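Report on the following structure.
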Amino acid sequence: MQGRRKIHTSFHDLSPSEYMYFPKGTLDGGSPGKFSRTEIHHLLIAIGVLTLAFSFAFSGNSILFGFKNAQTLLFAIPIAFLGILTAFFVHELSHKFMAQKYGLWSEFRMYPRGLLLSLFFAVFTGFVFAAPGAVMFRGETRNFEMGRIAAAGPLANIVIAAITYPLYRFVFFETSFIGKILGFICLINALLGTFNLLPFGPLDGMKVIRWNGIAWAALFIIAIIMMILIFPIAPLF
């Protein structure tokens, strides 16, 4: 059975007016690969803020615990940018393209308050509390469509982590510049994939479980394995 269709106004089962800004008028975003100007602006702002936040976190610089030096922060920025681009950006676009595949309006919307909190915590404490926003969609979906849309993001992260881990561990030296980039990309993808598969609240994991518990378990186990492999040897700046 394909299941009955359900009308959704938000990917996270929250009121869009409470969570993110939506433009007025006709929402034409169902064509695969289509982006609106508003969506591009939101993506660029979110990527920029996350890059700065993770640069503080992974370089060990913060107001409360002290600054190592400006060089470590500057060195971390391009690496953090590549990590965010391949993890956050790919994760959200995977949700978006899968939703568009099923003919749904789908666009990313940043969460301004979450971005400000992420930057504040990173600059002051060196830790990242990432709540940048999410892909939202509107339209009628069936249970399996919702599950596949939810699974697309973490699956993309797991694939990237699985590709970059052996390159980081066995091909490029862990202390090399390229090695650090690959290690960070692997780490942040493993973190993002594992976190989003947790079966709580509005995270992807709960929606995947509602669709297929076996698929969720397989994805979660692989994500945990990737975390166990990369976390002890993750690059430090």
Sorted from fewest to most neighbouring beta carbons within 10 Å, what does the list R113, R142 look like?
R113, R142
Before rounding to the nearest 500, sum -39500 (n - 2.57) across all DSSP H runs of length at least 4 in the chain and divide by the residue total; then give [θ] at 222 nm in deg cm²/dmol.
-19000 deg cm²/dmol
Over the chain, what is the relative contact order in whole percent, taking alpha-carbon pairs under 8 Å and six or more residues apart?
24
Summing Lys, Arg as +1 and Asp, Glu as -1, what charge do residues with Cβ under 12 Å from the Cβ of I233 carry, I233 excluded?
+1
If contacts are Cα pairs under 8 angstrom and at least 6 residues apart, what is the relative contact order of the range 142-237 in percent?
36
Determine the shape class of the range 28-107: with a ≥ b ≥ c the square roots of the Cα gyration tensor eigenvalues, call it rounded for a/c under 1.5, and otherwise prolate if a/b is greater than b/c, oblate otherwise.
prolate
Any chance you could run the full-extension gain for I225 through E140? It's 0.36 nm times the residue separation minus the Cα-Cα distance, nm to one decimal.
27.1 nm
May I ask you to compute the full-extension gain from F177 to F127, defined as 0.36 nm times their residue separation minus their alpha-carbon distance, rounded to one decimal in nm?
15.7 nm
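All of the numbers you see were taken from the coordinates with simple rules; none came from a lab. Computed from a predicted model, the values in this text were never measured in an experiment. Every residue, glycine among them, receives a Cβ derived from its backbone with ideal geometry; neighbour counts consider all protein chains shown.
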